[in-house]
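Trainee: Got a structure for you, questions after.
What follows draws every value from the coordinates through simple rules; no lab data is involved. Please read these numbers as outputs of a predicted model, since none were measured by experiment. Here the Cβ is made from the backbone with ideal geometry for all residues, glycine too, and neighbour counts use every protein chain on show.
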Amino acid sequence: MTEIDTSVPHSARIWNYWLGGKDNYPVDEAAGDAYTAVFPGIVTIARSSRAFLGRSIRYLVEEAGVRQFLDVGTGLPTVDNTHEVAQRFAPDSKIVYVDNDPLVLAHARALLTSTPEGATAYEDLTLYEPEKVLQAASRTLDLTRPTALILSGILGHVTDYDLARDLVRRLVAGLPSGSYLCVNDGSRGTDPDYEQAQDAYNETGAVPYLLRPVDKIEAFFEGLDLVDPGVVSVPLWRPDDDATPAPIGQHGGVGRKS
């Protein structure tokens, strides 16, 4: 396994830190604190993204009847991971996580458990090899049955937009009718302070994460039927209460393959 480098900050560990997790190092905390000093709202974005993931999975289980999930670009396990939410509402749910980060791999094996009725697996692959991802997922999932593809905070790491679109298309192509795509990613056009902070972070030499205009996030759902309310700022996607949350620079949605 590739050695884990703890001398430089790592985006998955920084995200874990912002979510209140423990799987990070002082260098990640320092980078995370430096970012929040410029833009304190990043913690809200991280936690709102995780909350959107939970609400969308609950919708997929309870209203759409999905029992299979393919989560690509898993990140470090924290709270309310895909399998925990899905199996809370449907214990027979099956989940395959995909990531190629050695740190994620080390923790996934220890933390990603399953109910007796369901299944949880981890595949050490990348988003850039969609056919291999689908082949590996088929060891746990029945890809002739509806499956939800989860791409949470990962597509911004694919700096070539046309490539990002192609990767999504190839993954969705391998899923049957009645399957769903769930995407949420950092967006432009809502919060200039976030955009300035992220652009500055990208210029530090860290692995870049690109914020994209909302229409480019919407385009990932081309050919799919968007679930109401479409692609919106994530706090506005089927919020749990009657309050109207403030929009943030993170957009997401769910689409169905007909």
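Trainee: Considering only C-alpha atoms, what is the centroid distance from the stretch 107-185 to the stretch 188-204, in Å?
Mentor: 28
Trainee: How big is the dipole moment of the chain about its Cα centre under a simple scheme where the beta carbon of each Lys and Arg is +1, that of each Asp and Glu is -1, and everything else is neutral? Debye, nearest 20, please.
Mentor: Values: 22 positive and 37 negative charges, 136 e Å.
The dipole of the chain has a size of about 660 debye.
Trainee: Show the residues, 5+ positions off or on another chain, whose built amide H is closer than 5 Å to the amide H of residue 127.
Mentor: Amide H neighbours of residue 127: none.
Trainee: List nothing, just return the count: lysine pairs in the chain, 8 or more apart or interchain, with Cα separation under 25 Å. Intermediate results must be reported in sequence, preceding the final value.
Mentor: Working: 94/132; 94/257; 132/257; 216/257.
Eligible lysine pairs with Cα atoms under 25 Å apart amount to 4.
Trainee: Could you work out the percent of alpha carbon pairs in the stretch 33-128 separated by over 19 Å, rounded to a whole number? Please report the intermediate quantities before stating the final value.
Mentor: Working: 2119 of 4560 pairs.
That tail contains 46 percent of the Cα-Cα pairs.
Trainee: Any chance you could tell me what percent of the C-alpha pair distances in the chain go past 23 Å? Mind dumping the intermediate values first?
Mentor: Values: 15998 of 33153 pairs.
Above the 23 Å cut-off, the chain has 48 percent of its Cα pairs.
Trainee: May I ask you to derive the relative contact order of the chain, considering only C-alpha pairs under 8 Å and at least 6 residues apart, and to give it as an integer percent?
Mentor: Values: 477 pairs, mean separation 44.2, N = 258.
Computed over the chain, the figure is 17 percent.
Trainee: In whole angstrom, how far apart do the alpha carbon centroids of the stretch 224-249 and the stretch 1-58 sit?
Mentor: Going from one Cα centre to the other spans 23 Å.
Trainee: Any idea what the dipole of the stretch 147-258 comes to, in debye rounded to 20, about its Cα centre with Lys/Arg Cβ at +1 and Asp/Glu Cβ at -1?
Mentor: Details: 9 positive and 17 negative charges, 108 e Å.
The dipole magnitude comes to about 520 debye.
Trainee: Kindly rank 94-105, 11-22, 230-241 from highest to lowest mean number of other beta carbons found within 10 Å of each residue. Don't skip to the answer; put the middle values down first.
Mentor: Values: 94-105: 22.8, 11-22: 20.2, 230-241: 17.7.
Result, highest mean first: 94-105, 11-22, 230-241.
Trainee: Now for a different question. Among 168, 178, 149, whose Cα sits farthest toward the positive end of the charge dipole of the stretch 126-222 (+1 at Cβ of Lys/Arg, -1 at Cβ of Asp/Glu, about the Cα centre)?
Mentor: The one lying farthest along the dipole's positive direction is 178.
Trainee: To continue, here is another question. Using the Kyte-Doolittle scale, find the helices of the chain whose mean hydropathy is at least -0.5 and whose Cα atoms extend 24 Å or more along the helix's long axis, counting only whole DSSP H runs. Walk me through the numbers before you get to the answer.
Mentor: Working: long enough: 42-62 (30 Å, 0.46).
Those that clear 24 Å and a mean of -0.5 are 42-62.
Trainee: For the chain, what is the calculated [θ] at 222 nm in deg cm²/dmol (nearest 500), taking -39500 (n - 2.57) for each run of four or more DSSP H residues and dividing by its residue count? Mind dumping the intermediate values first?
Mentor: Numbers: 9 runs with 97 residues, N = 258.
Helices in the chain give a 222 nm mean residue ellipticity of -11500 deg cm²/dmol.
Trainee: Still on this structure, I have one more. Output the relative contact order of the stretch 10-95, whole-number percent, from Cα pairs under 8 angstrom with separation of 6+ residues.
Mentor: Details: 80 pairs, mean separation 24.3, N = 86.
Computed value for the stretch 10-95: 28 percent relative contact order.
Trainee: Say the dipole of the stretch 201-256 comes from +1 at the beta carbon of Lys and Arg and -1 at that of Asp and Glu; which of 207, 220, 237 then lies farthest toward its positive end?
Mentor: Of the listed residues, the answer is 207.
Trainee: Another question, then. Once the convex hull of the C-alpha atoms of the stretch 169-258 is built, how many Å³ does it hold per residue, rounded to a whole number? Walk me through the numbers before you get to the answer.
Mentor: Numbers: hull volume 9.8 nm³, N = 90.
Roughly 109 Å³ of hull volume per residue.
Trainee: I would also like to ask the following. Compute, for the stretch 1-126, the length of the dipole vector about the Cα centre, with Cβ point charges of +1 (Lys, Arg) and -1 (Asp, Glu) only. Units Debye, rounded to 20.
Mentor: On the way: 10 positive and 17 negative charges, 81 e Å.
Value, rounded to 20: 380 debye.
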